């Protein structure tokens, strides 16, 4: 009875042949997804790692470079302001001197 | 001999799987993977998806395959896992129509109907019991081989086989009584 039953299950569950074109579809799917996915994943991982390393190394340099440029610009601005200030002081002194001369004529001019 | 070592195959049949043309590997094993998936899921589209995924994974793991026997074991294991995952996604259970052979004679014999009924009853079994029966009766694996393939204990496999067969026997008896 048991043997007969198991024999029937064997017969009922025989392998089913795949439909026509199955192997071709399977191979095409594996070819389209397989190696490309593997390679791209592998390289994407390496690329991401390399990019991360480059960023990690270069960020402090970029930061230092920007800071140096900012300090140079600041120094140039200070110099320009100092020069402008000196020029303005000079012009102001000249103007005050001219005004003083015009308001107090020289004694020689008075006697004539 | 340890079942694991036994399943990896003998030295004589050891192969460098990554040197074998992939077309040949597909030709040898795709029917097995497709059939396991079809019997389990009952849908040829899903069975093809499972087969494609199994071979895709194989293509990425060829260097780890040690022999022809190991390859078959590996594919069965991956197919079984993929089938159970797929089943849990959809929770669909229906009779695999594609597995039904066309009757050759004009009248459908009682034997044909009985086999058909068995297939329908197997499709209704809980997923782990169903996969165990498929591996036992379709793939003719021994209980230790099934345990190894599904990564479970031998006692658990024996228990599933007993339960599955008892359920089939009971339901077949019941339908016969009704008829």
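Among B:136-146, B:60-70, sorting by the average number of other beta carbon atoms lying within 10 angstrom of each residue, highest first, gives B:136-146, B:60-70. Paramagnetic label reach from residue B:77 (point 7 Å along Cα→Cβ; backbone nitrogen cut-off under 20 Å): within segment B:28-50, residues B:29-37, B:50. For segment B:145-170, the residues whose amide N sits under 11 Å from a probe point set 7 Å from the Cα of residue A:6 along the beta carbon direction are B:162.
Across peptide B:60-69, the average count of Cβ atoms from other chains found within 10 Å of a residue's Cβ is 1. Across peptide B:37-49, the mean count of Cβ atoms from other chains lying within 10 Å of each residue's own Cβ comes to 2. Partner shielding of B:25-36 amounts to 3, given as the average count of beta-carbon atoms from other chains within 10 Å of each residue beta-carbon. By other beta-carbon atoms within 10 Å, ranking A:16, A:91 with the fewest at the front produces A:91, A:16.
FYI, it's all coordinate maths here, none of it is from the lab. Not measured: the values here are computed from a predicted model. All Cβ positions, even for glycine, are placed from backbone atoms using ideal geometry, and neighbour counts span all protein chains on display.
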